[in-house]
Amino acid sequence: MKYWLLPDGINESLPDEAESLEAMRRKLLDLYRGWGYRFVMPPLVEYLESLSIAMGSQLDLQTFKLTDQTNGRMMGVRADITPQVARIDSHRMSLLPGQPNRLCYIGSVLRTHSEVAGGSRSPIQVGAELFGHAGIESDFEVISLMVETLQSAGATKIVLDLGHVGILRALMSKVGLSAKQESVYLDQLERKSLPEIESWLKDSNFDEVTCDMLRAVPLLHGEVNLLEREAAKKLSLGGEEVLQALDYLKLLINKLAKAYPSIAINIDLAEMRGYAYHTGIVYAAYIPENGREVARGGRYDGIGENFGNARPATGFSCNLRTLLALETTAAKASDSDGSIERNGVLAPIADDAELSALINQLRADGEIVIRQLVATDKVAASAQGCNRIIEKKSGKWQIIAAA
């Protein structure tokens with residue numbers, strides 16, 4: 001048996017990657033601090049009810065479960081940090097009524113299944129959440145911070161897909177779908193099964209107007225001008241809430257296009273991811289050379305209700321490892337061949353006060369100083385990650401280039 005093998009989808013990082021991840025983490029925390037987002041560190045495990053109550057059955061299926069040996073209660077290893085941060089906002093932080101609360105986090109999560117075949121089950125989740133404000137200003141701020149996050153990782157071409165689950169919810173309520181009918185329709189939408197939708201509509205007793213609107217929803221995706229050209233026209237009889245949500249999308253798109261003219265914006269009014277808990281805007285960010293989303297987010301008002309304080313909320317999350325993979329312009333901790341850093345200083349083992357003082361000063365200045373462990377150590381400086389050495393010449397310790 002190969003005892004050194006890790007479970008499928010479980011990651012570890014060797015020095016080069018670990019140091020790069022830590023550098024990226026520090027960069028992001030500085031970015032979020034500049035926007036007023038305060039860092040929180042929720043626990044790795046919580047009682048199961050806390051982790052899953054706000055996010056629905058989908059998150060429950062992704063959660064590893066274990067028994068607390070002190071009291072027999074079921075605990076879960078977090079699969080998503082968002083509900084933990086919502087709990088902290090609603091229950092642990094004393095804020096004045098209506099006061100916005102900006103929180104950010106970076107931490108490992110564990111999932112029973114990866115989101116893609118062969119993917120990671122132990123991503124390092126990065127996110128920012130804004131609680132206590134319901135409106136376009138907070139949605140715009142959080143999406144902007146997500147864009148800044150991707151740009152800080154080196155992304156130059158960003159594609160943003162925007163949707164609004166309020167449109168679908170309001171439409172289904174307006175046309176009077178039963179709970180069973182909603183379930184069937186949502187399942188078909190999630191799978192983008194147009195033939196099934198068409199067959200279902202033919203077998204239903206809906207009027208022609210209702211059928212036309214329900215048939216149109218899965219086709220309402222593409223460039224933003226589709227909002228005016230198609231969505232407003234085909235959903236015009238969907239009710240006031242539908243029209244308000246469409247106007248909301250238009251305003252948000254205009255603000256984003258003005259602030260970030262380089263990003264491409266598309267819409268998808270049939271986006272179903274997170275439908276169970278999102279209440280308004282939903283979005284995902286893509287990079288052209290990467291086929292899968294690199295960040296996602298949305299509005300999820302009322303998530304704190306189960307923790308005793310329902311608050312408006314909006315936020316985004318992504319994977320630190322994905323961000324590191326996007327980094328193309330920032331300095332890397334390794335050479336192009338993947339070897340360790342070679343900008344350290346190799347110091348001899350000599351017991352000398354002046355040498356020790358020099359080493360301490362170099363380390364205080366941010367230099368990497370590696371001290372030999374035996375006087376006869378013949379390992380090359382480069383093999384130990386050093387491009388300089390300390391030698392004594394003319395009675396004085398000097399830093400010289402390694403041979």
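The values are calculated or read from the model by the stated rules, or taken from the named source; none is laboratory data. Keep in mind that this is a model prediction, so the values were computed, not measured. In this analysis, Cβ positions are derived from the backbone assuming ideal geometry, glycine residues included, and neighbour counts consider all displayed protein chains.
General remarks:
- Test: residue in region 59-82 that is assigned by TED's automatic domain parsing to the domain that holds Thr314, part of a loop (DSSP other than H, G, I, E, B) and on the phi > 0 side of the Ramachandran plot: yes
- Only one entry in Leu243, Leu237, Leu214 is assigned to a loop (DSSP other than H, G, I, E, B) and out of contact with any His (no Cβ under 8 Å at 6 or more places or on another chain), namely Leu237.
- Scanning region 262-321 for residues that are in a strand (DSSP E or B), more than 18 Å from His133 (Cβ to Cβ) and charged (D, E, K, R) yields a total of 4.
- Yes/no for Leu177 being under 24 Å from Glu241 (Cα atoms) and at pLDDT below 95: yes
- Checked against (1) assigned to a helix (DSSP H, G or I); (2) among the aliphatic types (A, V, I, L, M); (3) in the same structural domain as Thr322 (by TED's automatic domain parsing), Ala232 passes all but a single condition, namely (3).
- Which numbered condition Asp161 misses (of (1) assigned to a helix (DSSP H, G or I); (2) under 30 Å from Leu235 (Cβ atoms); (3) acidic (Asp, Glu)): (1)
- Just one of the numbered conditions (1) assigned to a helix (DSSP H, G or I); (2) of a type in the set (Gly, Ala, Ser); (3) within 30 Å of Asn343 (Cβ to Cβ) is not true of Ser90: (3).
- Extreme residue, surrounded by the fewest Cβ atoms within 10 Å (Cβ to Cβ), among residues of region 93-115 that are assigned to a loop (DSSP other than H, G, I, E, B) and among the hydroxyl-bearing types (Ser, Thr, Tyr): Ser94
- Residues of region 264-280 classified as more than 10 Å from Asp161 (Cβ to Cβ) and at pLDDT 95 or above, total: 0
- Selection within region 339-393 - in a loop (DSSP other than H, G, I, E, B), touching a Gly at 6+ places or on another chain (Cβ under 6 Å) and modelled with pLDDT of 90 or more: Ile368
- Counted residues, region 116-144 - those being loosely packed, with under 15 Cβ neighbours inside 10 Å and either outside the structural domain of Asp301 (by TED's automatic domain parsing) or not in a helix (DSSP H, G or I) (or both): 5
- Flag if Gly154 is modelled with pLDDT under 95 and closer than 20 Å to Asn205 by Cβ: no
- From the list Arg296, Arg311, the lone residue that is touching a Ser or Thr at 6+ places or on another chain (Cβ under 7 Å), within 27 Å of Gly118 (Cα to Cα) and crowded, with 17+ Cβ neighbours inside 10 Å is Arg296.
- When Ile167 is tested against (1) more than 18 Å from the chain's Cα centre (by Cα); (2) in a loop (DSSP other than H, G, I, E, B); (3) buried (at least 21 other Cβ atoms within 10 Å of the Cβ); (4) not acidic (Asp, Glu), exactly one condition is not met: (2).
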